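**Q** Structure provided below as structure tokens; questions to follow.
None of the figures in this text is laboratory data; all of them are computed from the coordinates on show. Here the structure is a predicted model, which is why all the values come from computation and not from measurement. Using ideal geometry, Cβ is built from the backbone for each residue, glycine included, and neighbour counts are taken over all protein chains shown.
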Amino acid sequence: MKSSDIFDGVTDIRDDIIDDAAVKVKVKETDKAKKKRSQRLRWISAVAAMLVLVIAGGVMLNSGGALKVYAISEAEYPKMAKYPGEWYTEGQFDAWRASVRAQQRDLGDTSDLVSFFAESARTFLADADGENIVYSPLNVYMALSMLAELTDGKSREQILTLLGSDSIESLRRRASDVWNCNYRDDGARTTVLASSLWLNENVSFNKDTMDTLASEYYASSYRGQMGSEDFDRALHEWLNKQTGNLLSEEAEQIGFDDETVLALATTVYLRAKWSFEFSKENTTPQTFHGADGDLTVDFMHQRDDQSYYWGDKFAAVSQSFEDGGAMWFILPDEGVSPEELLDDAEASAFIFSPDRAKSENSKYLFVNKSIPKFDVSSHLDLADGLQKLGVVDVFDDTKSDFSPMTNDDIPIWVTSVDHAARVVIDEEGCTAAAFTVMVADGAPMPPDDEVDFVLDRPFLFCITGDSGLPLFVGIVNDPTA
């Protein structure tokens, strides 16, 4: 059986999903992964991330016979009315708006989410060391929430503590609300979180747990022969479709062997146009003072009346998307590194709080923006960082507890966690969400009427959706890399 036949037989996957997280046993080193990625400029910019959690068994599991891949539980996504466009009837617009409202959730106090997003970002972005680095806190949050469903005892308790939940039931409700309030698939803007479980056919799995993941996390579950080339190919095709082929090189590194017990893949994708596009005629080459020296980069220019934000060590401006969401560009003051901002309480609160736009340190004025076009990506190993954050037992084959997942008497543990991400922006838009960050030469406040903001040195960005929560956070040290 061809891998394409396997893939088509187990699921029907849309092309509009980008951020990706998965569970694997081994990451294969390839020369291809080291090649520089070619920049892809489309009517939107692209954001993609891939998290890879490896869950393996402690014994060799024999696999043989004909390859079988079949669905255990399949998720059904919410159906949304399509955006009617410029010309519409009153009924069409009302139906679309009601569909958007139906996805909204009152998240209430978001301190638990902000705490995890900020603490994990500080951990995973701390070692940029002059390189570009991209992290999706929402993707990792959803993947860890699902991992909590598969575990029990201290293994689960440590995950709940990190995510700020006092029980699996409260985390389940929280994750479901976070999923739904970030979901949009209406033709105007796309933000889709997708998940799948790839199960070893020689291990028994608790169907109730798989059904919970399908209903609460929109995760589909599939079984097949671990270690086979065709099963690897089926996963690669799924990942590539979910990430718009933006992470195809990273996806090729993910594979199973016959000791793999389960692979968990989660994806997040946002596609949106800027509310006000940058004019391509105004894009000009300009100097960017990178971490390793000066670079010549194409800068997009735009003059707009909007809110400008500042703190003791930074300045920030947002570039909004059509019909909600934004990309925030956050520029540290001269002499302050992006990593230092993540450790600064004021800056961290601004970056990760959904209420950042309500900051008292803001002023409405004309902003002359100069933003570099960029295509940045990174590939991170999160295993050590998660252990530093207190998630320890799932990595220990003598302590991990995966009893909710299977009744089989075999040791099961997480062996590695890889997170790959990519962000592309151009004159027309950005996927995932966006923010624009500018600096007024270290001044604590802007002038009365107009200010120039030139993003010409290492900076932070944050991409948000309808909820205002950060879908992606990154550091750009070299827009040309």
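**Q** Once you've got the Cα coordinates, tell me which of Lys241/Lys373; Lys313/Lys363; Lys154/Lys388 are over 22 Å apart.
**A** Violating the 22 Å Cα-Cα cut-off are Lys241/Lys373.
**Q** I've got another one for you. So what's the net charge close to Phe350: Lys and Arg +1, Asp and Glu -1, counting the other residues with Cβ under 12 Å from its Cβ?
**A** Overall, the nearby charge balance is -2.
**Q** Another question, then. As an exercise, use a Förster radius of 56 Å and the Cβ-Cβ distance of Asp396 and Asp452 to find the FRET efficiency, rounded to the nearest 0.05.
**A** Efficiency computed from Cβ-Cβ geometry: 0.55.
**Q** Can you list the residues of the range 336-358 with backbone N under 20 Å from a point 7 Å past the Cα of Leu365, pointing along Cα to Cβ?
**A** Taking a point 7 Å out along Cα→Cβ of Leu365, the residues of the range 336-358 whose backbone N falls under 20 Å are 357-358.
**Q** Can you give the FRET efficiency for Asp129 and Phe93, using 1/(1 + (r/R0)^6), R0 = 41 Å, r = Cβ-Cβ distance, to the nearest 0.05?
**A** My answer for the efficiency is 0.25.
**Q** Oh, and also: Expressed in nm to one decimal, what extension gain is obtained for the pair Lys358 and Asp304 from 0.36 nm per residue of sequence separation less their Cα-Cα distance?
**A** 17.5 nm
**Q** Please arrange Tyr77, Tyr309 by how many other C-beta atoms lie within 10 Å of their C-beta, fewest to most.
**A** Tyr77, Tyr309
**Q** On full extension of the chain, what length is gained from Lys207 through Asn245, given 0.36 nm per residue of separation minus the C-alpha to C-alpha distance?
**A** Difference between extended and current length: 10.5 nm.
**Q** Also: Near Asn368, within a Cβ-to-Cβ distance under 10 Å, what is the net charge of the other residues, with Lys and Arg +1 and Asp and Glu -1?
**A** -1
**Q** Once the other residues with Cβ under 12 Å from the Cβ of Phe321 are scored (Lys, Arg +1; Asp, Glu -1), what is the net sum?
**A** Overall, the nearby charge balance is -1.
**Q** For a quick check: sort Leu163, Leu331 by the number of other beta carbons within 10 angstrom, fewest at the front.
**A** Ordered by Cβ neighbours within 10 Å, fewest first: Leu163, Leu331.
**Q** How much FRET efficiency would the formula 1/(1 + (r/R0)^6) give for Glu157 and Ser215, where r is the Cβ-Cβ distance and R0 is 35 Å, rounded to 0.05?
**A** The value I calculate is 0.90.
**Q** Related question: Between Ser279 and Asp323, what is 0.36 nm times their sequence separation minus the Cα-Cα distance? Round to one decimal in nm.
**A** Once the chain is fully extended between Ser279 and Asp323, it gains 13.8 nm.
**Q** Neighbouring Cβ atoms within 10 Å as the yardstick, rank Arg271, Arg356 fewest first.
**A** In order of increasing Cβ crowding within 10 Å: Arg356, Arg271.
**Q** While we're here: Just to check I understand the Karplus step: with θ = phi - 60° and J = 6.51 cos²θ - 1.76 cosθ + 1.60, what whole-Hz values come out for the range 296-313, glycine and proline as x?
**A** For the range 296-313, the Karplus-derived couplings read 9, 10, 6, 9, 8, 10, 7, 10, 8, 8, 7, 7, 10, 10, 8, x, 4, 10 Hz, x marking Gly and Pro.
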